[in-house]
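Asks: Have a look at this one before I ask anything.
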Amino acid sequence: MDIVDLRPPPEVRRIARRLEGAGFETWAVGGAVRDALRGEAPEDWDLTTAARPADVRRLFKRTVPIGIEHGTVGVLGKDGHLYEVTTFRRDVETFGRRARVAFADSLDEDLERRDFTINAVAWNPLSGELRDPHGGAEDLRRGVLRTVGDPAERFAEDRLRVLRALRFAGRFDLEIDEATWRDLVASADRLGNLSAERIREELYKVLGGQEPPSRTLRLYERSGVLAALYPELQACVGCKDASGRDLWEVQLSTVDAIPYHRMVLRLAGLLHLVGWPATDDPSEVEQEGVPAYAAVGGTIAWRLMRRLKASNADSDRVAHLVAQHAVIPGPDAPDVDVRRWLRRVGLDHYRDVLRLRRAITIAREGEGSEELLQAARHIRAVVRARPALSVQDLAIGGNELRAAGIPAGPLYGEILRDLLERVTEEPALNTPERLIAIVQEWQQDRE
């Protein structure tokens, strides 16, 4: 019997003591135990117990019914943190999406139903005993990822375990054992029955981790998962850009170069080259100097995000960044060019476009670019001058046009857009007096 001290928050021991004192065996389980064994300091501790949900709610005054039908009750600790307490469970039916479970009477039954050995280790907060019937602690020490029991059965029970296996292997830098890898690869083309939401959340967890996402994403490609779930990205594997670089490797390095807390930016970095293999002539320049591959990529990125049922806001932002990332004004560009670029990109997005370009530069060259730094300074200087970037920024609007004798109608939009063009060229024109004077000249020319 191994006795260890995993140093949980005091509330973990208090909750366990209350449950054990009432006669209910209680253990800490899951990611907290795994991470603590790796020397980390987990924030979220989960407990499993012989107590039924009604018992837990009776023993603690402050509880939240997180998922009582599944046996989980949230206990609000004195430290203000919510601790999940779940009754021992066992699988009674599996069908490739989620298992149907029933309450169990023993810890071993509960550990038997878990996905991987590293997640099937329990620790008693009172005695310090480590319960590890499947050798998960040793697998952690050896750097190995294995399923609990037969891998084919585990993956058939819930196909999401394929994605979880790749994420855990990437996050913890584990080698997936031979049998688990074999059955994982065999399951890659059977992920179609997973919901878009579950697929998306796994991708978000990969991109939201502090470890380099490329470790997991490379496993996605090697296993066939990338081709099954993200054919747009699979098309980039082995495809070369104009400089002979592999698109997939550039995308992976770009994602790694973006801070983990910028999820939307990492998504844009991952997708910024998806338009290249889908474009006959990727370098062809479309309107406003945007390369064809970027414009096409924006559309592809938006469709992929919608397929994952991402929010409208995230879908639009990622698509916009992909479409606009390829062109920024240089440090010596005239201010008017910077203002036109800002009009196209938008004040809400220009910082992220610059961040994305910096990450791409690091991915391609191994370090940042002084030229890009100078360009960013130039752009910020233009922004500080608060230029008019939309008709809403003009010093006059519909009321002033009406007062000037312009009849209400579509003509207002045409006039305001023309004024915006003039103000973009010469910002000093953006005063009520000067703009009205321009309108009056226009009226005289029409008479």
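The values are calculated or read from the model by the stated rules, or taken from the named source; none is laboratory data. Treat the numbers as computed from the prediction; the structure is a model and nothing was measured. FYI the Cβ positions are ideal-geometry reconstructions off the backbone, even for glycines, and counts take in every protein chain you see. We work out accessible area using only protein heavy atoms, side chains counted, and drop any ligands, DNA or RNA first. Shrake-Rupley method; radii C 1.70, N 1.55, O 1.52, S 1.80 Å.
Asks: Given the condition β-branched (Val, Ile, Thr), free of Cβ contacts under 8 Å to residues at least 12 places away in the same chain and part of a strand (DSSP E or B), answer yes or no: does some residue in region 70-86 qualify?
Replies: For region 70-86, residues β-branched (Val, Ile, Thr), free of Cβ contacts under 8 Å to residues at least 12 places away in the same chain and part of a strand (DSSP E or B): absent.
Asks: Would you mind telling me which numbered condition in (1) among the small types (Gly, Ala, Ser); (2) open to solvent by 10 Å² or more (accessible area, probe 1.4 Å); (3) over 22 Å from Ser369 (Cα atoms); (4) not in a loop (DSSP other than H, G, I, E, B) Ala323 fails?
Replies: Answer for Ala323: the failing condition is (3).
Asks: Taking the stated definitions as given, is Ile328 of a type in the set (Val, Ile, Thr), open to solvent by 10 Å² or more (accessible area, probe 1.4 Å) and within 19 Å of Glu371 (Cα to Cα)? Steps first, answer last, please.
Replies: Details: of a type in the set (Val, Ile, Thr): yes; open to solvent by 10 Å² or more (accessible area, probe 1.4 Å): yes; within 19 Å of Glu371 (Cα to Cα): yes.
So Ile328 passes the test.
Asks: Look at region 200-214 and say how many of its residues are modelled with pLDDT under 95 and either among the hydrophobic types (A, V, I, L, M, F, W, C) or out of contact with any Asp or Glu (no Cβ under 8 Å at 6 or more places or on another chain) (or both). Outline the logic, then answer.
Replies: First, pick out the residues of region 200-214 that are modelled with pLDDT under 95: 209-211.
Within this subset, residues satisfying the condition of being either among the hydrophobic types (A, V, I, L, M, F, W, C) or out of contact with any Asp or Glu (no Cβ under 8 Å at 6 or more places or on another chain) (or both) are 209-210.
Residues meeting the conditions: 2.
Asks: Next question, about the same structure. Can you tell which of Leu419, Leu401, Leu372 is surrounded by 11 or more Cβ atoms within 10 Å (Cβ to Cβ) and closer than 30 Å to Lys240 by Cα?
Replies: Unique residue meeting the criteria: Leu372.
Asks: Determine whether region 47-66 contains at least one residue that is modelled with pLDDT under 95, acidic (Asp, Glu) and not in a strand (DSSP E or B).
Replies: no
Asks: In addition: Of all residues in region 19-47, which are in contact with a strand residue (DSSP E or B) (Cβ under 9 Å, 6 or more places away or on another chain) and farther than 26 Å from Gly143 by Cβ?
Replies: Leu19, Glu20, Phe24, Glu25, Thr26, Leu47
Asks: Right, another one. Select from region 45-69 the residues that are without any contact (Cβ under 8 Å) to a residue 24 or more places away in the chain and under 17 Å from Arg17 (Cβ atoms) and write down the one among them that is least open to solvent (accessible area, probe 1.4 Å).
Replies: Once the filter is applied, the top-ranked residue is Thr63.
Asks: A follow-up question, please. Please go through region 181-221 and pick out each residue that is charged (D, E, K, R), within 27 Å of Asp150 (Cβ to Cβ) and touching a residue at least 60 places away in the same chain (Cβ under 8 Å).
Replies: Arg190
Asks: Right, another one. Can you pull out every residue in region 115-162 that is polar (S, T, N, Q) and open to solvent by 40 Å² or more (accessible area, probe 1.4 Å)?
Replies: Passing the criteria: only Ser127.
Asks: To continue, here is another question. Against the definition (modelled with pLDDT under 95 and open to solvent by 50 Å² or more (accessible area, probe 1.4 Å)), how does Gly366 come out, yes or no?
Replies: yes
Asks: Does at least one position in region 394-417 carry a residue that is under 30 Å from His272 (Cβ atoms), of a type in the set (Asp, Glu) and in a helix (DSSP H, G or I)?
Replies: No, the conditions are met nowhere in region 394-417.
Asks: Continuing with the same structure: Is one or more of the residues making up region 373-385 in contact (Cβ under 8 Å) with a residue 40 or more places away in the chain, within 43 Å of the chain's Cα centre (by Cα) and assigned to a loop (DSSP other than H, G, I, E, B)?
Replies: Yes, region 373-385 has at least one match.
Asks: Residue by residue through region 217-238, note down the ones that are touching a Pro at 6+ places or on another chain (Cβ under 8 Å) and open to solvent by 10 Å² or more (accessible area, probe 1.4 Å).
Replies: First, pick out the residues of region 217-238 that are touching a Pro at 6+ places or on another chain (Cβ under 8 Å): 235-236.
Residue satisfying the conditions is Ala235 alone.
Asks: Within region 221-242, how many residues turn out to be assigned to a helix (DSSP H, G or I) and out of contact with any helix residue (DSSP H, G or I) (no Cβ under 9 Å at 6 or more places or on another chain)?
Replies: Qualifying residue count for the region: 1.
Asks: Moving on. Residue under question is Glu202, and the condition is that it be under 27 Å from Pro277 (Cβ atoms) and either of a type in the set (Asp, Glu) or in contact with a Cys (Cβ under 6 Å, 6 or more places away or on another chain) (or both); does it hold? Step through it out loud before you land on a result.
Replies: Values: under 27 Å from Pro277 (Cβ atoms): yes; either of a type in the set (Asp, Glu) or in contact with a Cys (Cβ under 6 Å, 6 or more places away or on another chain) (or both): yes.
Yes: the conditions hold for Glu202.
Asks: Can you tell me how many residues within region 133-144 are in contact (Cβ under 8 Å) with a residue 40 or more places away in the chain and either over 12 Å from Leu37 (Cα atoms) or of a type in the set (Phe, Trp, Tyr) (or both)?
Replies: Step one: filter region 133-144 for residues in contact (Cβ under 8 Å) with a residue 40 or more places away in the chain, giving 136-137, 140.
Now drop any that are not either over 12 Å from Leu37 (Cα atoms) or of a type in the set (Phe, Trp, Tyr) (or both), which leaves none.
The number of residues fulfilling the criteria is 0.
Asks: How about region 190-220: which of its residues are under 19 Å from Ile258 (Cβ atoms), out of contact with any Leu (no Cβ under 8 Å at 6 or more places or on another chain) and assigned to a helix (DSSP H, G or I)?
Replies: Correct list: Tyr204, Lys205, Arg215.
Asks: Right, next: Here are some residues: Gly244, Gly289. Which one is over 15 Å from the mean Cα position of the chain (by Cα) and open to solvent by less than 40 Å² (accessible area, probe 1.4 Å)?
Replies: Details: Gly244 fails: open to solvent by less than 40 Å² (accessible area, probe 1.4 Å).
Selected residue: Gly289, the only one of Gly244, Gly289 that is over 15 Å from the mean Cα position of the chain (by Cα) and open to solvent by less than 40 Å² (accessible area, probe 1.4 Å).
Asks: When only residues in region 192-216 that are surrounded by 14 or more Cβ atoms within 10 Å (Cβ to Cβ), over 9 Å from the mean Cα position of the chain (by Cα) and of a type in the set (Ser, Thr, Tyr) count, which is farthest from Arg171 (Cα to Cα)?
Replies: Taking the candidates together, the pick is Ser214.
Asks: Give region 165-180 a look and list any residue that's touching a residue at least 24 places away in the same chain (Cβ under 8 Å) and open to solvent by 50 Å² or more (accessible area, probe 1.4 Å), or say none.
Replies: Answer for region 165-180, where residues must be touching a residue at least 24 places away in the same chain (Cβ under 8 Å) and open to solvent by 50 Å² or more (accessible area, probe 1.4 Å): Arg171, Asp173, Glu175.
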